[in-house]
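Scroll down for the structure; my scribbles are underneath it.
The values are calculated or read from the model by the stated rules, or taken from the named source; none is laboratory data. Fair warning: this is a prediction, and the values are worked out from it, not measured in the lab. No Cβ is skipped: glycine too gets one built from the backbone with ideal geometry, and neighbour counts run over all protein chains shown.
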Amino acid sequence: MKVQESMEDYLETIYLLEKQTGYVRSIDIATALGFSKPSISNAMKKLKANGYIEMEDRGSIKLTEKGKAQAMGTYERHCVISEILMRFGVAKETALEDACRIEHVISQETFLGMKNFLEINQKE
């Protein structure tokens, strides 16, 4: 199943919040993304139904292995793309914003080329 752009953003946000605090609630996601609680609630229902997250009794949201893999892939694309853009001389804020859009549409072939480029140039 192809994950929609918005769902990738939710998963990436959950992943980053979980790394930062170890605990993620709907309100944390709403605050991070600037969305309403009802919007977050609807998205979490979809993510849970598709096996990307688990919701615990106290309202804690945890990524499943499937969700974590998707989130880590999206985050890796974000990091690589933003790094490439900054090396091209793009301001950090602009690079991060553009990477957030590009990460959802870039082909695997192009992404791997960018990743290989970074790895080769980091060794020099």
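Quick notes on this structure:
- Test: residue in the range 12-27 that is surrounded by fewer than 19 Cβ atoms within 10 Å (Cβ to Cβ), in contact with a Leu (Cβ under 9 Å, 6 or more places away or on another chain) and in a helix (DSSP H, G or I): yes
- Among (1) surrounded by fewer than 15 Cβ atoms within 10 Å (Cβ to Cβ); (2) touching a residue at least 12 places away in the same chain (Cβ under 8 Å), the one test that Glu54 misses: (2)
- Glu5 vs. criteria under 17 Å from Leu96 (Cα atoms) and touching a residue at least 60 places away in the same chain (Cβ under 8 Å): yes
- Residue within the range 55-64 that is under 26 Å from Asp98 (Cβ atoms) and either in the same structural domain as Ile106 (by TED's automatic domain parsing) or out of contact with any strand residue (DSSP E or B) (no Cβ under 9 Å at 6 or more places or on another chain) (or both) present: no
- Residue match in the range 52-60 (condition: at pLDDT 95 or above, out of contact with any Gly (no Cβ under 9 Å at 6 or more places or on another chain) and either within 29 Å of Gly113 (Cα to Cα) or in a helix (DSSP H, G or I) (or both)): no
- Tally of residues being assigned to a helix (DSSP H, G or I) and within 26 Å of Lys45 (Cβ to Cβ) across the range 61-109: 15
- In the range 59-75, the residues that are of a type in the set (A, V, I, L, M) and in contact (Cβ under 8 Å) with a residue 60 or more places away in the chain: Ala71
- Filter pass, Leu33 being surrounded by fewer than 19 Cβ atoms within 10 Å (Cβ to Cβ) and free of Cβ contacts under 8 Å to residues at least 24 places away in the same chain: no
- Residue in the range 72-97 that is nearest to Tyr52 (Cα to Cα), counting only those that are of a type in the set (D, E, K, R) and surrounded by 15 or more Cβ atoms within 10 Å (Cβ to Cβ): Arg77
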